[in-house]
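Colleague: First the structure, then my questions, so here it is.
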Amino acid sequence: MKSITVPHNLLAYIREGSTFLVAGHKEPDGDCVGSQLALCSVLTRLGKRAIPCSAGPFKRPEIAPYAERFTADPPIEKDTQVIIMDCSSLERTGELEQTLRGLPLAIIDHHASGNTAGHIAFLEPTAPSVTALTLLLIEALGLEPTREEAELLFFGLCTDTGFFRHIDYGGEVTFDIASRLIRFGASPKRTFQKINGGKSLESRILLGLILSRTEAYFNGKLLVSYENLEDTERFGLQGRDSDMLYKLLLSVAGVEAVAVIRQESPTSCTVGLRSIDTVDVSAIAIQFGGGGHKQASGFTATGTIGPLKEKLIRAFAELL
């Protein structure tokens with residue numbers, strides 16, 4: 001990862017502001033939640049008013065305990081400014097979009113997709129996580145993270161790197177950031193348990209069901225499975241363990257990409273996409289109005305599992 005410099009206009013934006021809405025993308029993950037809460041803590045230490053905002057839902061078990069710290073209906077006061085974390089467009093904030101539109105806006109993100117035109121942007125696709133960028137921002141502001149902030153930042157770093165298993169050649173800076181966060185009080189042991197422990201038996205049963213539905217395409221290069229409405233009714237959102245599901249599917253010999261479709265309502269689905277190395281799943285997600293990383297992306301689409309699955313397979317045919 002190349003050397004990263006925090007933009008001077010972002011530092012001025014923060015120093016000159018007094019009230020901030022710190023928003024993230026809908027269906028947040030650990031990197032989004034960790035960066036938002038850590039930045040809000042830092043802004044508060046600087047004497048600012050900072051409100052963490054999210055449209056939710058907080059589906060992932062490891063972030064569910066943080067849900068009560070966020071609001072989906074933030075107050076708009078005079079001189080209110082917005083900082084969006086872990087996405088590069090207002091559209092990705094979901095129901096918050098209309099509330100935030102028209103307010104002064106800064107973006108902190110590490111995704112290659114998105115439109116930052118006309119806004120202050122700290123956009124660095126080489127960064128392993130937005131929590132890594134947040135640490136650099138804290139240090140550029142002349143501060144060190146508190147223990148709680150370090151734990152939040154380390155949590156986000158670990159969730160976005162798959163606890164470092166996605167780091168490849170040239171990723172040594174990621175471990176430098178991890179080392180600094182540990183020095184400031186983050187615990188790898190506690191973070192691993194937070195991410196991987198405490199799962200319910202029902203979540204293991206749901207994993208088995210989704211795995212049993214998996215179908216292979218293009219000589220095993222693509223694996224596709226799904227979760228239907230009946231699963232959600234039976235197991236609830238807390239039964240989901242996406243990281244373990246993708247880990248198991250990507251361990252299959254010969255697989256290059258994975259797609260998991262979830263029927264969220266009778267008329268809409270979310271789709272998670274993962275790949276091992278050469279396949280850029282963000283290119284697929286962008287075709288459907290989503291985005292993300294080369295090896296981890298997703299999108300929301302109108303429709304049902306069957307027709308959407310056919311469209312996905314056609315889209316992957318061009319890559320596989």
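Colleague: Scan region 15-22 and give yes if some residue there is in the same structural domain as H166 (by TED's automatic domain parsing) and assigned to a helix (DSSP H, G or I), otherwise no.
Modeller: Yes, region 15-22 contains a residue that is in the same structural domain as H166 (by TED's automatic domain parsing) and assigned to a helix (DSSP H, G or I).
Colleague: Can you find a residue that is among the aromatic types (F, W, Y) and closer than 21 Å to V42 by Cα anywhere in region 61-73?
Modeller: The answer is yes; a qualifying residue exists.
Colleague: Still on this structure: Restricting attention to region 159-176, which residues are surrounded by 16 or more Cβ atoms within 10 Å (Cβ to Cβ) and not in a loop (DSSP other than H, G, I, E, B)?
Modeller: Scanning region 159-176 gives T159, D160, V173, T174.
Colleague: Which is of a type in the set (S, T, N, Q) and closer than 27 Å to G34 by Cα, of S212, S268, S179?
Modeller: Going through S212, S268, S179 in turn, just one is of a type in the set (S, T, N, Q) and closer than 27 Å to G34 by Cα: S179.
Colleague: Specify the residue that is farthest from H111 (Cα to Cα); the eligible residues are those in region 11-27 that are at pLDDT 95 or above and buried (at least 20 other Cβ atoms within 10 Å of the Cβ).
Modeller: G17
Colleague: Tell me, yes or no, whether region 63-78 has at least one residue that is farther than 26 Å from G292 by Cβ, assigned to a helix (DSSP H, G or I) and more than 16 Å from the chain's Cα centre (by Cα).
Modeller: Yes: region 63-78 contains one or more residues that are farther than 26 Å from G292 by Cβ, assigned to a helix (DSSP H, G or I) and more than 16 Å from the chain's Cα centre (by Cα).
Colleague: Suppose the filter is in a loop (DSSP other than H, G, I, E, B), within 29 Å of E144 (Cα to Cα), assigned by TED's automatic domain parsing to the domain that holds H166 and modelled with pLDDT under 90; does S88 pass it?
Modeller: So S88 passes the test.
Colleague: Say whether the condition of being over 21 Å from I83 (Cβ atoms), among the aliphatic types (A, V, I, L, M) and modelled with pLDDT under 95 is met by at least one residue in region 174-187.
Modeller: No, every residue in region 174-187 fails to be over 21 Å from I83 (Cβ atoms), among the aliphatic types (A, V, I, L, M) and modelled with pLDDT under 95.
Colleague: Across region 28-57, which residue is farthest from H111 (Cα to Cα) among those that are in a loop (DSSP other than H, G, I, E, B), in contact with a Phe, Trp or Tyr (Cβ under 7 Å, 6 or more places away or on another chain) and in contact (Cβ under 8 Å) with a residue 40 or more places away in the chain?
Modeller: This residue is S54.
Colleague: Of the residues in region 278-318, how many are more than 19 Å from the chain's Cα centre (by Cα) and free of Cβ contacts under 8 Å to residues at least 24 places away in the same chain?
Modeller: Adding up the residues that qualify gives 7.
Colleague: State all residues of region 278-320 that are among the hydroxyl-bearing types (S, T, Y) and either surrounded by fewer than 16 Cβ atoms within 10 Å (Cβ to Cβ) or at pLDDT below 95 (or both); if no residue qualifies, say none.
Modeller: Selection gives T278, S282, S297, T300, T302.
The values are calculated or read from the model by the stated rules, or taken from the named source; none is laboratory data. Since the structure is predicted, the reported quantities are computational estimates derived from the model, not experimental observations. A quick note on method: Cβ atoms are made from the backbone with ideal geometry, for glycine too, and the neighbour counts reach across all protein chains shown.
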